[in-house]
Amino acid sequence: ANPGQNGNLVLSAHSDIFGEIFRHLERLQRGDEVTIYTAQRAYIYTVTKTLIVAPTEISFLASTSNATLTLISCYPYLVDNQRIVVQAVLQTSTR
């Protein structure tokens, strides 16, 4: 899904190479806000859960009926034998 739309917006990034974009993903907690910016507006999602899963686990990639954000990275830092998954739901969008 695109930001703000119903469905599952999935973003993945490295935690320990190429800029460490998701380096501190594990610091996000339930209730924290994540803002996704587009050229038109900002979308605010609220974290609902964090999962540590095997690299083969893909159920969290499934489509959703509501506007969901899923962030994925390797875990733990510099070991990378698991994946961290943070899921959030859309709260608001601003112009």
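The values are calculated or read from the model by the stated rules, or taken from the named source; none is laboratory data. Just so you know, these numbers come straight off a predicted model, no measurement behind them. Every residue, glycine among them, receives a Cβ derived from its backbone with ideal geometry; neighbour counts consider all protein chains shown. What goes into the accessible areas is simple: the full protein's heavy atoms, side chains included, and nothing from ligands, DNA or RNA. Shrake-Rupley method; radii C 1.70, N 1.55, O 1.52, S 1.80 Å.
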message = I'd like the residue in region 55-70 that is open to solvent by 50 Å² or more (accessible area, probe 1.4 Å) and among the small types (G, A, S) and, out of all such residues, is farthest from H14 (Cα to Cα).
response = S65
ask   = When the residues of region 3-24 are filtered to those that are open to solvent by 70 Å² or more (accessible area, probe 1.4 Å) and within 13 Å of the chain's Cα centre (by Cα), which remaining residue is modelled with the lowest pLDDT?
value = H14
query = Is it true that some residue in region 25-34 is open to solvent by 60 Å² or more (accessible area, probe 1.4 Å), among the hydrophobic types (A, V, I, L, M, F, W, C) and at negative phi?
reply = no
message = Going through T68, T94, T64 one at a time, which residue ends up being modelled with pLDDT of 95 or more, farther than 27 Å from I17 by Cα, in contact with a strand residue (DSSP E or B) (Cβ under 7 Å, 6 or more places away or on another chain) and among the hydroxyl-bearing types (S, T, Y)?
response = T64
message = What's the total number of residues in region 71-91 that are within 16 Å of A13 (Cβ to Cβ), of a type in the set (A, V, I, L, M, F, W, C) and at pLDDT 95 or above?
response = 6
